[in-house]
Amino acid sequence: MSRKARFKEGSCGRRGFLKLLTVTAVGAMALPSESEAFDLDAFIQRHFKELDKEALAKTLRRLEEKYDHDYGRDDFKVRADGPQPGVHYAYALNLSKCIGCRRCVQACVEENNQHRGDPERGDRIDYIRVLEMEKGSLNVEKSEHFYDHEVPAEGKYYMPVQCHHCNDAPCVKACPVEATWQEPDGIVVVDYNWCIGCRYCAAACPYWARKFNWVKPRIPSEEINPDTHYLGNRPRYQGVMEKCTFCINRVRRGLNPACHDICPTGSRKFGNLLDENSVIRQIIATKRVFILKEEVGTDPSFYYFFD
Amino acid sequence: MEHLGNARRLSPILHGTKPAASGLWIPLILMTLGMAAPAAGLTTSDRLAVISDQLGYYPCMDCHGDQATYTQPRILEEEHVEPLLYTDTEGVVHQVTFGERLAISQLIAEPKAWDLRSEMLAKVGLSIGIREYMEFNGLSEEDSVWVLTHGGGNIWCLNCHDIEDRNKLVKLNGEKLTFNQSQLLCGECHGPALHDWELGIHGKTTGYWNLAMDSGDVSIRKLCVECHNPHAPAFASMQALPPPVSRIPRRGVDAPETAAEDRENGGHGHE
Amino acid sequence: MYLTFVFRSIRGMLRGGPAYRSWVFLLACIAGFGALAYSRQAQHGLGITGMTDEVSWGLYIANFTFLVGIAAAGVMMVIPGYLYHHKEIKGAVLLGEIVAIGALIMCLLFVVVDLGRPDRMWHMIPPFGRFHFPVSMLSWDVVVLNGYLLLNLHVPGYLLYKKYRGEKPASWLYLPFVYISIIWAVSIHTVTAFLYTGLAGKPFWNAAILAPRFIASAFCAGPAFIILVLEIVKRRTAFPLGDRVIGFLRMVVLIAGLINIFLLISEVFTEFYAHSAHVASAQYLFFGLHGHNQLVPFIWTSITLNVTALLALMSRQLEHRGTLLRVIPLVMLIVAIWIEKGMGLVIPGFTPTPLGEILEYHPTANEIAVTAGVWAIGLLVMTVLIKHAVDIETGVLRQNKAPAGGLVRP
């Protein structure tokens, strides 16, 4: 170590350069962005799973205050509802019915407080990407992502893709700091206060479901959804990964995800995989169900089916 | 209603009565029967004409006793080029096509038919969803989608509507249904769809995936006719919401400029 | 005692001829420039790089991957030097290990500058953090890279200190580490390859041939880089270096280069002959896909340089035709492998995305400045350490010898 320190000193031989370096070092200390003051509590905050009841309650209150302050509101609620025993969430999407209208994409962004971005630069974060597929092909490389016309179009079918909440999730395996994991009810979550932003999980994901906050997320105050969950739709930080959580703030209270309820065609189905009367189990029992990229071995909780 | 009970966790949709709706229904019925200005393409009257020819419900024999001598299919509109006139209950004279005339003749046979529909709707207190359908599709009352395309020309009004009682729908076996049981009527032809609907696979359900977790609220499942216009059930195409803009590679983007933009857009809230 | 050594070493590093001083100054300037660029990035976020969700790793990780290879090859000379007690080579081993140190520092810096939240790096360090070992391949990489850095700091550090003191090094204090570092060197590049091959969702990387190709290209570009260092040291200093060292390394470069080309051919054949859906990334890299062909000129430049350089190396005539002709093929090889194992590996893995979208990646000026800064820091470390090693090995810096300035208290 002393050697390593030595190299640095060695490089500071020129006085002017030393000064320059000090200035830049100080500048770099003011991480991570011009608008976010250094927050010691956030800096030393432990991993979500290591927070005991008291620490968690304190953290949630601190976050609520911070978000209220950041967005000029007084109604932020950050909850941390836990998983229900005997529940494993699963999603099924009817490819025969989806018409690719992208209502789900919009509802998702509004529910989950994603970075709205600049439409010109196109850096809004979407959790759902709707693929316009050629009939007769399941090859996503032949898909069109940027269609902008009346749907459904002749000869096409539509396949929305979002996080598949894999039971053998490559992203969970990839993370070097356990900042992302699968909850007992099957939801793959990210602790936005623990993620170091290495993006290895994004490289690992076969469904392109993980989205990175390249800049500090921007959401107009009036568009904020203040009803949030610690592991879900609370506002994110610059430089961390985020993803679909099946709207953890909704489903942990018994509600359906936002994308499910907005769908005008009823293509989206959600329920408890462990309940044999749930719609998911009915679909698996009676429909032609498949999973996307089965060969990758991710064992997803997201199914596609045909009527 | 027993059928609804089969669908688990389903709390039947009982929209409140919509008194304001009755005003809307009259023009809708008019359009349904082709009273509105004939639209381009296939009109209701065309369809009705064909249907009447096939099914013989209309009193064609009244005028056409020699029908049997005609073995070739005929296009009735061409045979009745002369416009017909019809005076409605309010004394307004309409110029109608032959097909429309036929439909009207049915309504005349049931003198109170004009009002019955709206009265009936108010009575059962149900929306059959046409309003939602129109709102959802951004349609106005003038839109000429209210043609009977259902069944591809093989059915017409009286396959579903009771010939005597406009308050009722009628099954093939003659059993009469109220309008809040319409899915049973649909299920007569669309059995698998009804089965899936009962299981929650087909159709739209909103609200709670788990009612046990919050007894105060309900899971709402839409009826067939809330999503499908029963007269033209194919799902209408719609404009997709804007596509994602692929992130433009920021070659040479200057960071301070970006920050300035941020401030202008005011997206940060209060810092 | 040791502090005196440290102090005198630093002073020694800052002294030198005008060429040395201006070289160090130049590197320091670039490093400072890079640090400025990095502070901008830290402030505004990775958004000011060219990376996107489509191509989420770029120039930084590309350079990281290439430099792991250079670091791995640092011990190439350890094998003949220590295993076979090849005296002449032993001296050069020191330089090889210093090259490895410089390369490793660059590797670690490239990973750090690529992080979205560098302030949270402590999350990796147990017991405060949660280090996802042994599941995450990235955690393995952290272990092997830091371990390798420690090994490479220890061995030459210990040997130089002993030499400085005029004592004979105790073999049990360094020989075990030398043997460990041989295996460890292979492991750092293997683990880095596994970082990519372990991702089943990326068919371009998810190939067993990747790790052997990593090793082959590393043992080609790495020794080539070390030869360049040796040529400079040989010309400018009195450091004892035999011709046979360079000859041996050229042989290593040639053989590894040929194996690398063979593996490349195997890979290209498998991808294109079968022509499965997995070919898209390779198609993008070598020929362009749906009109996107940004990498095509680079990869063909790389292949051309690679083949030409290997042909030149095969000709024994060239070896005796002056320094320039000896050196040019090596530079060509380094550039070729930098393209191939850098951008040529990382970018096609993301193109097309798992959902079939193609978005080309363009590094921004700021990103390039940070990259240049990291390179400058690494080269600076190499330079001053080599200077230091040369000083000690040539007897300029000795414990008993008063330093030229004569200011230091014992």
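Yes/no per residue for (1) over 28 Å from C:T351 (Cα atoms); (2) in contact with a helix residue (DSSP H, G or I) (Cβ under 7 Å, 6 or more places away or on another chain):
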| residue | (1), (2) |
| --- | --- |
| C:Y196 | no, yes |
| C:A200 | no, yes |
| C:W205 | no, yes |
| C:I227 | yes, yes |
| C:G247 | yes, no |
| C:V253 | yes, yes |
| C:S266 | no, no |
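At least 2 residues being modelled with pLDDT of 90 or more, on the phi > 0 side of the Ramachandran plot and not acidic (D, E) is the threshold, and among the helices (runs of 4 or more DSSP H) wholly inside the range C:245-349 not one reaches it. Has the range C:89-96 got at least one residue that is under 13 Å from the mean Cα position of the chain (by Cα), assigned to a helix (DSSP H, G or I) and either more than 8 Å from chain A (Cβ to nearest Cβ) or modelled with pLDDT of 85 or more (or both)? Checking the range C:89-96: at least one residue is under 13 Å from the mean Cα position of the chain (by Cα), assigned to a helix (DSSP H, G or I) and either more than 8 Å from chain A (Cβ to nearest Cβ) or modelled with pLDDT of 85 or more (or both).
If you scan the range C:357-396, which residues turn out to be within 11 Å of chain A (Cβ to nearest Cβ) and more than 19 Å from C:W57 (Cβ to Cβ)? C:A376, C:I377, C:G378, C:L379, C:L380, C:V381, C:M382, C:T383, C:V384, C:L385, C:K387, C:H388, listed by residue number. Kindly evaluate C:F25 against the criterion of being surrounded by fewer than 24 Cβ atoms within 10 Å (Cβ to Cβ) and free of Cβ contacts under 8 Å to residues at least 12 places away in the same chain. Answer is yes for this residue. Filter the range A:206-242 for residues that are buried (at least 22 other Cβ atoms within 10 Å of the Cβ) and either without any contact (Cβ under 8 Å) to a residue 40 or more places away in the chain or on the phi > 0 side of the Ramachandran plot (or both); which is nearest to the other protein chains (Cβ to nearest Cβ)? Among those that are buried (at least 22 other Cβ atoms within 10 Å of the Cβ) and either without any contact (Cβ under 8 Å) to a residue 40 or more places away in the chain or on the phi > 0 side of the Ramachandran plot (or both), it is A:G239.
B:H202 meets all of the listed conditions (1) at pLDDT below 85; (2) within 9 Å of chain A (Cβ to nearest Cβ); (3) touching a helix residue (DSSP H, G or I) at 6+ places or on another chain (Cβ under 6 Å) but one, namely (1). When restricted to residues that are under 22 Å from the mean Cα position of the chain (by Cα), assigned to a helix (DSSP H, G or I) and not small (G, A, S), the range C:164-217 contains 22. Just one of the listed residues (A:G254, A:G197) is touching a Phe, Trp or Tyr at 6+ places or on another chain (Cβ under 9 Å) and modelled with pLDDT of 95 or more, namely A:G197. Across the range C:45-63, the number of residues qualifying as more than 7 Å from chain A (Cβ to nearest Cβ) and either of a type in the set (G, A, S) or not in a loop (DSSP other than H, G, I, E, B) (or both) comes to 8. Identification of strands (runs of 3 or more DSSP E) wholly contained in the range A:77-151 with 3 or more residues that are within 12 Å of chain B (Cβ to nearest Cβ), crowded, with 22+ Cβ neighbours inside 10 Å and among the basic types (K, R) yields no element. Would you please name the residue that is nearest to B:I201 (Cα to Cα), looking only at residues in the range A:268-307 that are polar (S, T, N, Q) and more than 9 Å from chain B (Cβ to nearest Cβ)? Checking each candidate, the answer is A:S301.
Here C:N206 clears all of (1) more than 23 Å from A:V172 (Cα to Cα); (2) without any contact (Cβ under 8 Å) to a residue 24 or more places away in the chain except the condition numbered (1).
Looking at B:A212, B:A259, B:A234, B:A193, just one residue is buried (at least 16 other Cβ atoms within 10 Å of the Cβ), modelled with pLDDT under 85 and either out of contact with any strand residue (DSSP E or B) (no Cβ under 7 Å at 6 or more places or on another chain) or at the interface with chain A (Cβ under 8 Å from one of its Cβ atoms) (or both), and that residue is B:A259.
Here is a yes/no grid of residues against (1) hydroxyl-bearing (S, T, Y); (2) closer than 28 Å to C:I105 by Cβ:
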{"residue": "C:G291", "(1), (2)": "no, no"}
{"residue": "C:S302", "(1), (2)": "yes, yes"}
{"residue": "C:E360", "(1), (2)": "no, no"}
{"residue": "C:E367", "(1), (2)": "no, yes"}
{"residue": "C:G373", "(1), (2)": "no, yes"}
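Scanning the range A:244-270 for residues that are in a loop (DSSP other than H, G, I, E, B), basic (K, R) and in contact with a helix residue (DSSP H, G or I) (Cβ under 8 Å, 6 or more places away or on another chain) yields a single hit, A:R253.
Taking the listed residues C:G74, C:G69, C:G45, the one that is in contact (Cβ under 8 Å) with a residue 12 or more places away in the chain and farther than 22 Å from C:V144 by Cα is C:G45, with no other qualifying.
The values are calculated or read from the model by the stated rules, or taken from the named source; none is laboratory data. Quantities reported herein were computed from a predicted structural model and do not represent experimental measurements. Here Cβ is always computed from backbone atoms with ideal geometry, including for glycine, and neighbour counts include all displayed protein chains.
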